[in-house]
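S.K.: My questions will all concern the structure given below.
The values are calculated or read from the model by the stated rules, or taken from the named source; none is laboratory data. This is a predicted model, so every value here is computed, not measured. Cβ coordinates were reconstructed from backbone atoms using ideal geometry, including for glycine residues, and neighbour counts include every protein chain displayed.
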Amino acid sequence: MLADLLRYSLGLSAWKQFRGSRWSLRVNPSSGNLHPTEAYLVVGAEPGLGETPAVYHYAPDRHAVERRCALGMSAWSPAAGGPTCLIALTSIHWREAWKYGERAFRYCQHDLGHAIAAIRIAAALAGLGARILPDWSHADIASLTGIDRDEDFVDAEREEPACLLEIAPMGGQQSPGVSRGALLDAVRAGVWTGHANQLSEDHVQWTFIDEIAEATRDAGRPNIPAFALRASVGKPAHPAPPTFALRASTFAPGASTSAQGASVDKSVDKSVDKSVGKPAQPAYPAPLLLQRRSAVALDGRSPIDADRFFAMLSRVMPGDGAPWDAVWWSARIHLALFVHRVDGVEPGLYLLPRRAEAADALRAAMKRDFLWEQATDALPLIRLARGDCRRLAARVSCDQDIAADGFFSLGMLADFDASLEEFGPSFYRRLFWESGVIGQVLYLEAEAAGARGTGIGCFYDDPVHDVLGLAGHAFQSLYHFTIGMPIEDTRLTTEPGYAWEQ
């Protein structure tokens with residue numbers, strides 16, 4: 001179960017090769033395929049892993065876990081129905097900063113949002129739930145994962161704590177789990193092994209990123225309903241970490257794993273619950289998770305029909321199922337859509353508020369003479385303006401044609417000032433996480449439609465705001481996305497993520 005959870009959320013999805021170059025792709029996407037997100041598993045004694053509770057680091061290249069800290073037997077004793085495990089996520093900012101500079105911080109946060117959604121969706125396949133535990137501070141997560149152990153890390157490549165997710169049987173998350181205080185005592189006294197690998201040399205220090213990270217760290221939110229966590233103690237030491245290979249079960253043969261084709265599959269996936277914002281469980285089948293790719297170019301001519309378009313948008317509306325129940329806050333990200341080629345929907349600029357209360361605030365903030373027409377009865381989709389907006393869509397997305405060549409593209413608008421006022425500076429990260437969660441759903445919706453999507457991290461904030469008539473920071477553009485029919489590079493060869501899947 002744990003092997004499948006990691007395989008279908010954070011594992012390798014494929015290997016690509018062109019001439020002498022070979023590179024891997026993962027289930028969870030990342031800016032530039034740089035993958036700054038690291039994952040740690042905290043679990044009790046498990047057959048095939050260890051005879052005692054432990055903290056493990058997940059190594060996706062081998063689909064294996066490396067034991068970082070062995071704990072005493074009493075360190076993991078959740079009540080019946082309590083957590084199956086905890087998964088902590090961290091970021092290595094340098095993995096993005098060497099290429100993207102100051103933008104690296106937000107790219108790392110986008111990636112975390114994609115990873116959170118990927119974990120929640122993979123958990124649903126196993127009948128498990130997953131949700132962020134808000135009462136854990138960043139300092140506590142650093143202690144739990146050992147990333148605060150100076151002697152184990154290269155200074156320039158330190159990991160930044162992000163979030164801790166509880167994985168538990170569906171409906172069992174309200175029962176007592178393991179105690180946070182006792183579990184922290186256990187890891188502080190535990191048997192630690194291993195050192196982090198150094199990624200590169202000649203580092204450039206981006207102090208701006210360090211300053212943002214420090215300003216947005218979370219002290220924990222005990223006032224938000226969470227789960228009691230329990231544990232106890234172990235002992236210290238320091239050799240190399242033992243590694244445990246994992247085996248994930250293979251998916252059913254005969255499933256489609258290609259997005260190639262001349263037209264879009266017009267049928268809505270049977271796993272889609274057509275009621276707005278309420279996806280069925282599990283939300284997506286395993287083969288779909290492994291076939292997710294980022295489009296490099298779109299054909300600029302293929303359309304999609306209105307029913308599939310509305311179905312896609314319905315799946316990004318918040319609901320009770322995966323992945324929306326992984327987060328503890330109400331929807332703060334809303335969509336401004338540039339519709340290009342949707343049969344039955346006029347080209348133009350549209351708005352999709354993802355929380356009912358936000359619609360009036362968005363209208364008040366947009367100082368433009370828009371139409372404000374309801375576009376469909378199925379969704380709170382508002383038509384702002386009619387017309388060909390392909391050139392505009394490309395322009396605001398750093399002049400990238402891919403934003404104009406699909407069925408539609410979009411910008412994600414954060415309810416910014418009000419959210420930070422309500423939850424404090426650390427919520428800045430969570431706004432990007434939510435946009436990443438939306439992005440992960442859009443990726444999978446594109447694959448389910450026989451199409452392909454891609455996140456667009458480079459865009460011009462001010463022109464986006466000018467188009468919408470926004471001033472100040474009441475609403476802030478955080479992430480762009482596009483979906484269409486891909487132009488496949490037939491020069492590349494593709495192999496499964498792991499040799500044992502051949």
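S.K.: Mind listing whichever residues of region 443-463 are part of a helix (DSSP H, G or I) and surrounded by 21 or more Cβ atoms within 10 Å (Cβ to Cβ)? Walk me through how you get there before you give the answer.
M.R.: Initial filter on region 443-463 (part of a helix (DSSP H, G or I)): 443-448, 461-463.
Passing the criteria: TYR443, LEU444, GLU445, ALA446, GLU447, ALA448.
S.K.: For the list (1) at pLDDT 85 or above; (2) outside any helix (DSSP H, G or I), I need the number of the one condition that ILE212 fails.
M.R.: If we test ILE212 against (1) at pLDDT 85 or above; (2) outside any helix (DSSP H, G or I), just (2) comes out false.
S.K.: Can you tell which of ALA404, ALA393, ALA448 is closer than 20 Å to ALA311 by Cβ and aliphatic (A, V, I, L, M)? Steps first, please.
M.R.: On the way: ALA404 fails: closer than 20 Å to ALA311 by Cβ; ALA393 fails: closer than 20 Å to ALA311 by Cβ.
The unique qualifying residue is ALA448.
S.K.: Which condition number in (1) more than 25 Å from ASP155 (Cα to Cα); (2) surrounded by fewer than 16 Cβ atoms within 10 Å (Cβ to Cβ) is the one that ASP61 fails?
M.R.: The one condition ASP61 does not meet is (1).
S.K.: Do the conditions hold for SER91, that is, is it out of contact with any strand residue (DSSP E or B) (no Cβ under 8 Å at 6 or more places or on another chain) and polar (S, T, N, Q)? Steps first, answer last, please.
M.R.: Values: out of contact with any strand residue (DSSP E or B) (no Cβ under 8 Å at 6 or more places or on another chain): no; polar (S, T, N, Q): yes.
The answer is no for SER91.
S.K.: For region 181-197, how many residues meet the condition of being among the charged types (D, E, K, R) and touching a helix residue (DSSP H, G or I) at 6+ places or on another chain (Cβ under 7 Å)? Walk me through how you get there before you give the answer.
M.R.: Kept after step one, since they are among the charged types (D, E, K, R), are these residues of region 181-197: 185, 188.
Still in the running and touching a helix residue (DSSP H, G or I) at 6+ places or on another chain (Cβ under 7 Å): 188.
Selection size over region 181-197: 1.
S.K.: Could you tell me whether PHE475 is assigned by TED's automatic domain parsing to the domain that holds CYS389, in contact with a Leu (Cβ under 6 Å, 6 or more places away or on another chain) and either at pLDDT 95 or above or not acidic (Asp, Glu) (or both)?
M.R.: yes
S.K.: Test ALA404 against the criterion of being surrounded by 19 or more Cβ atoms within 10 Å (Cβ to Cβ) and small (Gly, Ala, Ser), and give yes or no. Spell out the reasoning first.
M.R.: On the way: surrounded by 19 or more Cβ atoms within 10 Å (Cβ to Cβ): yes; small (Gly, Ala, Ser): yes.
Yes, satisfied.
S.K.: Here is a list: ALA361, ALA331, ALA322. Which entry is among the small types (Gly, Ala, Ser) and part of a helix (DSSP H, G or I)? Break it down into steps so the answer makes sense when it comes.
M.R.: Numbers: ALA331 fails: part of a helix (DSSP H, G or I); ALA322 fails: part of a helix (DSSP H, G or I).
It is ALA361.
S.K.: Could I ask something else about it? Restricting to region 364-388, what's the tally of residues that are in a loop (DSSP other than H, G, I, E, B), of a type outside the set (A, V, I, L, M) and out of contact with any Leu (no Cβ under 6 Å at 6 or more places or on another chain)?
M.R.: Our first condition is that a residue be in a loop (DSSP other than H, G, I, E, B); within region 364-388, this holds for 366-372, 375-381, 387-388.
Filter once more, keeping what is of a type outside the set (A, V, I, L, M): 367-370, 372, 376-377, 380, 387-388.
Restricting the remaining residues to those that are out of contact with any Leu (no Cβ under 6 Å at 6 or more places or on another chain) gives 367-369, 372, 376-377, 380, 387-388.
Qualifying residue count, region 364-388: 9.
S.K.: Among the residues of region 1-53, write down those that are among the acidic types (Asp, Glu) and surrounded by fewer than 22 Cβ atoms within 10 Å (Cβ to Cβ). Steps first, answer last, please.
M.R.: To start, the set of residues in region 1-53 that are among the acidic types (Asp, Glu) comprises 4, 38, 46, 51.
Of everything in region 1-53, those that are among the acidic types (Asp, Glu) and surrounded by fewer than 22 Cβ atoms within 10 Å (Cβ to Cβ) turn out to be ASP4, GLU46, GLU51.
S.K.: Which one of these does GLY321 not meet: (1) modelled with pLDDT of 95 or more; (2) in the same structural domain as GLN476 (by TED's automatic domain parsing)?
M.R.: (1)
S.K.: Name every residue in region 1-27 that is outside any helix (DSSP H, G or I), touching a strand residue (DSSP E or B) at 6+ places or on another chain (Cβ under 7 Å) and over 14 Å from PRO287 (Cα atoms), in order of residue number.
M.R.: Listed by number, the residues that qualify are TRP15, LYS16, GLN17, ARG22, TRP23, SER24, LEU25.
S.K.: Another question, then. Out of ALA97, ALA117, ALA123, I need the residue that is closer than 25 Å to HIS480 by Cα, crowded, with 24+ Cβ neighbours inside 10 Å and over 13 Å from the mean Cα position of the chain (by Cα). Which one? Write out each step before concluding.
M.R.: Numbers: ALA117 fails: over 13 Å from the mean Cα position of the chain (by Cα); ALA123 fails: closer than 25 Å to HIS480 by Cα.
When all the criteria are applied, what remains is ALA97.
S.K.: Kindly provide the set of residues from region 420-438 that are more than 20 Å from the chain's Cα centre (by Cα) and assigned to a helix (DSSP H, G or I), ordered by number.
M.R.: Taking region 420-438 and keeping what is more than 20 Å from the chain's Cα centre (by Cα), we get 420-425.
Scanning region 420-438 gives LEU420, GLU421, GLU422, PHE423.
S.K.: Report every pair of residues separated by at least 6 positions or lying on different chains whose Cβ atoms are under 6 Å apart, first residue within region 46-63 and without any contact (Cβ under 8 Å) to a residue 12 or more places away in the chain and over 18 Å from LEU165 (Cβ atoms), second among the hydrophobic types (A, V, I, L, M, F, W, C) and surrounded by fewer than 19 Cβ atoms within 10 Å (Cβ to Cβ).
M.R.: GLU51/ALA45
S.K.: With the condition kept exactly as written, say whether any residue in region 162-170 is at pLDDT below 95 and surrounded by fewer than 19 Cβ atoms within 10 Å (Cβ to Cβ).
M.R.: Yes: region 162-170 contains one or more residues that are at pLDDT below 95 and surrounded by fewer than 19 Cβ atoms within 10 Å (Cβ to Cβ).
S.K.: Follow-up. So which of ILE87, ILE167, ILE132 is touching a Pro at 6+ places or on another chain (Cβ under 9 Å) and either among the aliphatic types (A, V, I, L, M) or farther than 12 Å from GLU38 by Cα (or both)?
M.R.: Numbers: ILE87 fails: touching a Pro at 6+ places or on another chain (Cβ under 9 Å); ILE132 fails: touching a Pro at 6+ places or on another chain (Cβ under 9 Å).
Criteria check complete, one pass: ILE167.
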